[in-house]
1. Please return the ranges of strands (runs of 3 or more DSSP E) entirely within the stretch 1-115 where 2 or more residues are among the aliphatic types (A, V, I, L, M) and closer than 29 Å to residue 356 by Cα.
2. Answer with yes or no whether residue 323 is of a type in the set (Gly, Ala, Ser), open to solvent by less than 30 Å² (accessible area, probe 1.4 Å) and more than 16 Å from ligand 2 (Cβ to nearest atom).
3. Can you name the condition, by its number, that residue 408 falls short on among (1) outside any loop (DSSP other than H, G, I, E, B); (2) surrounded by 20 or more Cβ atoms within 10 Å (Cβ to Cβ); (3) outside the structural domain of residue 44 (by TED's automatic domain parsing)?
4. Determine which single condition residue 378 fails, assuming it passes every other condition in (1) open to solvent by 10 Å² or more (accessible area, probe 1.4 Å); (2) within 22 Å of the chain's Cα centre (by Cα); (3) under 27 Å from residue 154 (Cβ atoms).
5. Is one or more of the residues making up the stretch 326-339 out of contact with any helix residue (DSSP H, G or I) (no Cβ under 8 Å at 6 or more places or on another chain), open to solvent by less than 10 Å² (accessible area, probe 1.4 Å) and assigned by TED's automatic domain parsing to the domain that holds residue 200?
6. Inside the stretch 424-440, can you point out the residues that are touching a strand residue (DSSP E or B) at 6+ places or on another chain (Cβ under 6 Å) and either over 16 Å from residue 46 (Cα atoms) or in contact (Cβ under 8 Å) with a residue 24 or more places away in the chain (or both)?
7. Looking at the stretch 295-310, can you tell me whether even one residue there is out of contact with any helix residue (DSSP H, G or I) (no Cβ under 7 Å at 6 or more places or on another chain), within 16 Å of ligand 3 (Cβ to nearest atom) and either in a loop (DSSP other than H, G, I, E, B) or free of Cβ contacts under 8 Å to residues at least 24 places away in the same chain (or both)?
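The values are calculated or read from the model by the stated rules, or taken from the named source; none is laboratory data. Predicted model, so just to flag it, every value in this text is computed and none were measured. Cβ: placed from backbone, ideal geometry, glycine included. Neighbour counts: every protein chain shown. Accessible surface areas use protein heavy atoms only, side chains included; no ligands, DNA or RNA. Shrake-Rupley method; radii C 1.70, N 1.55, O 1.52, S 1.80 Å.
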Amino acid sequence: MDLIIKNGTIVDSNRCYQANLAIAEGKIKAIFLGDKNFQAEKVIDAEKKMVFPGLVDSHVHFQLQDLGKIISTDTFASGTKAAACGGVTTVIDFADQTRGESPLKGFYERKKNADSQVAVDYSLHVSKTDIEFLDEIPTLISEGIASFKFFTTYSWRNLDLNDAELLILFREVRKCRGMVVGHCENDAMVIQYRNDLIQEGKTDPIYHAHSRPHIAEEEAIQRVLLFAEKTGVKLHLAHLTTKEGSDLLSLAKQQGLNVTGETCPHYLLLNEREYKGSEGYLNLMSPPLRHAKDQQALIKRVQDRTIDQIVTDHCEFSRESKGKGSVPFHQVLNGIPGIETSLPLMHDFLINKQKLTYPQLIALMSTKPAQIFGLYPQKGSLMVGTDADLVLFDPKIEKVITPEKLHYSIDWNPYTSLKVVGWPVMTILRGNILCEDGDFVGPQNKGKFLKCTNK
Ligand code: URP
Ligand code: ZN
Ligand code: ZN
């Protein structure tokens, strides 16, 4: 064997149990109790540690492009290094189609760019920004793209599809047995509210939240659920932020629709109060942070399993690129970092404070995303024969979140000074140690592209 991990508490999405793991050639070869006389090159004693399957973050934006230009601060290299240090061994990023251009070409370019840089395994969603090139969908699916992202807003960035285009896309993706992933906000409402606020001279960061009201999310979700019902396509709702949105997901599930949904740590932990103060501009993302009542509702929907998964929507910008607080809200680039802190934050919040169980946490952050996007059981599980992607987690370590100690390429963090109990102490990708005690120690670019398959 290459590696044995002994004395840990193994956690999967069903249970926690004591066992040892034997790993060879990047796979889990045995899960056993006692001593099986295995010879191993390295033995790690995981006493008092939990052993999780590597996390799967299915919504990240590394080196985000806007209108063809890279605008976010990180690269695939720095972003996946931070991911590894946070216990994330699989990410799904986006190949955004440039309107009027071939999404297949865009996918090959994005993949080529990522392949030479990634430290963890990865896949891509393809964002469809027009209804040209629908004949490329079967090829994209055979290349490993299971999910097609659509936007109901961002007309000013040439990303949105109108209702007729949504219906056409949904029908085509359904025919090809793919799934659609939606960023749902009503574009006309967002534009109208934004213009009204600007006219009134209301341009501070808090007005970003006012410019994207609850009803914009509620209406768009309601509409795409109807389209999904009528076309029969499998739908995944990205970054739910409101009580109304999560209630709609619950109702749709009760009605038997093939629909899943996600939220992000920031929508559970932060609310629009964060937009006040001189650093408020840093926390601008879309959809925006909401109210305490929405946080409560989302927590309930995480607890009752309506919300299937927690993702970060990681998207890093420096203070400079966010305008240093001196530009109106509608000119601030949207997005916050999250991938390195999502596990400790969600462990501290959901387990220590909200009393969810460890298997629930692993379901939300590893197993469900792997299942939804067709990577399970290779990812998202700890079973004999699956990839040896593991996180050794110390549930007792106390840490204060400090930007300088993280691996991002920026000097700020939405959770600076927050104390959490529990932190990942080792991350292993296919049997190779990537991160140990907060240091990235692995190869920088040995991550692999994963083909997602719809089942
Ligand atoms: O505000 C968000 N969610 N930023 C991520 C990148 C984008 O533009 O969707
Ligand atoms: Zn989005
Ligand atoms: Zn996003």
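1. Answer list for the stretch 1-115: 3-11, 16-24, 27-32, 50-53, 55-57, 88-96.
2. Spelling it out, residue 323 is indeed of a type in the set (Gly, Ala, Ser), open to solvent by less than 30 Å² (accessible area, probe 1.4 Å) and more than 16 Å from ligand 2 (Cβ to nearest atom).
3. It fails just one condition, (1).
4. Here residue 378 meets the rest and fails (3).
5. Yes: the stretch 326-339 contains one or more residues that are out of contact with any helix residue (DSSP H, G or I) (no Cβ under 8 Å at 6 or more places or on another chain), open to solvent by less than 10 Å² (accessible area, probe 1.4 Å) and assigned by TED's automatic domain parsing to the domain that holds residue 200.
6. Result: 424, 425, 426, 427, 428, 429, 430, 431, 434, 435.
7. no
Yes/no matrix, rows are residues, columns are (1) within 16 Å of ligand 1 (Cβ to nearest atom); (2) under 23 Å from residue 420 (Cβ atoms); (3) touching a residue at least 40 places away in the same chain (Cβ under 8 Å):
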| residue | (1), (2), (3) |
| --- | --- |
| 316 | yes, yes, yes |
| 322 | yes, no, yes |
| 329 | yes, no, yes |
| 333 | yes, no, yes |
| 347 | no, yes, yes |
| 350 | no, yes, yes |
| 353 | no, yes, no |
